[in-house]
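Taking it in order: structure first as structure tokens, then the write-up.
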Amino acid sequence: MTLGLLGLVLALPLLFMLTRAVLVTVSCYCLTPMRIQRILAGQGVHGPPARLLVGNLRDVSALIAETTACDMGSLSHDIVGRLLPHYVRWSKMYGRLFVYWYGSEPRVCVTDAGMVRELLSSRHAHVTGKSWLQQQGAKHFIGRGLLMANGATWSHQRHVVAPAFMADRLKGRVGHMVECTRQTVRALREAVARAGNEVEVGAHMTRLAGDIIARTEFDMSYDTGKRIFHLIEELQRLTARSSRYLWVPGSQYFPSKYRREIKRLNGELEHVLKESIQRSREIADEGRTPSSACGMGLLRMLLAEMERKKKSGHGELGYDAQMMIDECKTFFFAGHETSALLLTWAIMLLATNPSWQDKARAEIAHVCGDVPPTVDHLPKLTVLQMVINETLRLYPPATLLPRMAFEDITLGAGAGELRVPKGASVWIPVLAIHHDEAVWGADAHEFRPDRFAPGRARPWAGRFLPFASGPRNCIGQAYAMAEAKVVLAMLIASFRFGISDEYRHAPVNVLTLRPRHGVPVRLLPLTRQ
């Protein structure tokens, strides 16, 4: 009798945990989705029929696999149907405000400029953010870095890293951007001399953007940065593949070859970062000047914040060792990926539009003369700014912008009001908005940088979102724009480039929008060195 009672006592906690797990699962996969669907349907928001558990995930995967299986037949910038075929199909069937299901997560497609602006404003900054599915997908890729943080944690992390990207600090980065670009120009000249004038520029831009962020923000050598970027690219590839499958609670504990590979790559990446962080800490402790001479780069700011938390000895907010590694992964990825893709697509567009290449070259010669651009030159390169903006419009690095509601929120007013229930994600199809003919005109799929000419009317206000907007916009936006101007100005002054006959137009999404086969161009070195 005593043993039976003891067994019952021991079994109660297990029974409690199992009951709780069942209740959570039923709520997650049945009760909450039913509540959200009922609220949205009551407002006239409908979408494609969803399957139990997987929702419309298979439909999305099948449509994208079908449209991206082959290269595009021509060099057309009309790429929305290729990359967002589900948006094109469902917006025609259900209107531009519709809902579809990513597993058990409802995603409400919103393109209305007013609603988008309101969603991204400070009003909703702390009650919207990244969903559990997004965080699980990025767990081994960028972890708990700023991109995946929510609420007070996000606010604190943003406050810590923001000074690294302020205008006064960017002034000290331009010289390093110039030096890194000068090395790339030399490498491109050597490649032309060695193997002819056909060069794949995407790989060069990736190395260059990586070198710049490694030197300016992390006090790292080119070789260390190169190793980190290789590991991040592999993790990016695996993470993108995982987004086609359903995440369920506890699935991360199921053994598989795929998860073992992610764990191996992540372990190697974190080992390299720990070594670099330790080396930077030792340099700081010894009072030596970092090799980059950049002063307080991002890594040093994170180290200072972690030291502050250690000394204070209390408070939940602040950086521990793992969060610091995750932040490094986040900014290594975001800091080089966005810039590298912007540069690569801009070169492709200029190579296929020689008249704009000539306009930009003439402006660079007028503003900069025979010297590399300085921080004072950058605001005067207005043609180059127009080219960069149009590149970001046609080929934004992030084609989608999702925000989950952590409590019921309301967007719009009056007859156009939308109540977004807690647990629903608002899905902003940035690529579709950037190519919307109702906003940009009948030539929305054409390369027309003069849309962004100074003084011209701005019908696109609130509809140009390459870096999002509001409090959660891309914190490195000014950094990326300065880098793009420096690099493109030096490349345009050093080379005349045309698109190679070998170029195959095949934009694909691998978390970011990239050219599947790279961008081979013909380079003609100019006399300027």
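The values are calculated or read from the model by the stated rules, or taken from the named source; none is laboratory data. Worth saying up front: this structure is predicted, and the values here are computed from it rather than measured. Note that each Cβ is placed from the backbone with ideal geometry, even for glycine, and that neighbours are counted across all protein chains shown.
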Of all residues in the range 375-412 being closer than 25 Å to PRO85 by Cα, part of a helix (DSSP H, G or I) and aliphatic (A, V, I, L, M), which is farthest from the chain's Cα centre (by Cα)?
LEU394
Tell me the residue from VAL426, VAL439, VAL487 that is surrounded by 18 or more Cβ atoms within 10 Å (Cβ to Cβ) and more than 30 Å from PRO372 (Cα to Cα), please.
VAL426
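Can you tell which of PRO396, PRO454, PRO421, PRO459 is crowded, with 20+ Cβ neighbours inside 10 Å and not aliphatic (A, V, I, L, M)?
PRO396
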Determine whether THR184 is in contact with a Ser or Thr (Cβ under 9 Å, 6 or more places away or on another chain) and modelled with pLDDT of 80 or more.
no
Could you go through the range 214-231 and let me know if any residue there is at pLDDT 85 or above and among the small types (Gly, Ala, Ser).
yes
If LEU431 satisfies all but one of (1) within 17 Å of LEU120 (Cβ to Cβ); (2) modelled with pLDDT under 95, what's the number of the condition it fails?
(2)
When you scan the range 339-356, do you find a residue that is surrounded by fewer than 22 Cβ atoms within 10 Å (Cβ to Cβ), closer than 30 Å to GLN157 by Cα, among the polar types (S, T, N, Q) and touching a strand residue (DSSP E or B) at 6+ places or on another chain (Cβ under 9 Å), even just one?
no
Looking at PHE331 and the list (1) surrounded by fewer than 23 Cβ atoms within 10 Å (Cβ to Cβ); (2) within 30 Å of LYS274 (Cβ to Cβ), which single condition is not satisfied?
(1)
Applying the selection to the range 498-513, what residues are among the acidic types (Asp, Glu) and in contact (Cβ under 8 Å) with a residue 12 or more places away in the chain?
GLU502
On the given criteria, is MET481 within 22 Å of LEU381 (Cα to Cα) and touching a Ser or Thr at 6+ places or on another chain (Cβ under 7 Å)?
no
Condition check: crowded, with 20+ Cβ neighbours inside 10 Å and of a type outside the set (Asp, Glu). Does ILE142 satisfy that?
yes
Could you list, in sequence order, all residues of the range 43-99 that are closer than 30 Å to ARG448 by Cα and basic (Lys, Arg)?
ARG82, ARG89, LYS92, ARG96
Give me the pairs, please: first residue somewhere in the range 289-316 and polar (S, T, N, Q) and modelled with pLDDT under 70, second residue anywhere and in a loop (DSSP other than H, G, I, E, B) and crowded, with 19+ Cβ neighbours inside 10 Å, beta-carbon distance under 6 Å, and either six or more positions apart or on two chains.
SER292/ASP219
Starting from residues that are in contact with a Ser or Thr (Cβ under 6 Å, 6 or more places away or on another chain) and surrounded by fewer than 21 Cβ atoms within 10 Å (Cβ to Cβ), keep the ones in the range 84-117 and report whichever is farthest from ALA398 (Cα to Cα).
ARG96
Check whether at least one residue in the range 406-418 is surrounded by fewer than 23 Cβ atoms within 10 Å (Cβ to Cβ) and within 30 Å of VAL510 (Cα to Cα), and report yes or no.
yes
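Take the residues of the range 357-374 that are assigned to a helix (DSSP H, G or I) and among the small types (Gly, Ala, Ser): which is surrounded by the most Cβ atoms within 10 Å (Cβ to Cβ)?
By that ranking, first place goes to ALA360.
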Selection from the range 378-405 of residues within 19 Å of VAL508 (Cβ to Cβ) and among the polar types (S, T, N, Q) yields THR391, THR399
Mind listing whichever residues of the range 485-523 are among the small types (Gly, Ala, Ser) and at positive phi?
GLY518
For the range 1-119, which fully contained helices (runs of 4 or more DSSP H) count at least 2 residues that are within 22 Å of the chain's Cα centre (by Cα), aliphatic (A, V, I, L, M) and at pLDDT 85 or above?
57-67, 80-83, 113-119
Considering every residue within the range 432-441, establish whether at least one is free of Cβ contacts under 8 Å to residues at least 60 places away in the same chain, closer than 30 Å to TYR100 by Cβ and among the acidic types (Asp, Glu).
yes
Which of the helices (runs of 4 or more DSSP H) found entirely inside the range 413-515 contain at least 2 residues meeting this: among the polar types (S, T, N, Q)?
477-494
Checking ARG189, ARG215 in turn, the sole residue that is touching a residue at least 24 places away in the same chain (Cβ under 8 Å), under 30 Å from ARG281 (Cβ atoms) and basic (Lys, Arg) turns out to be ARG215
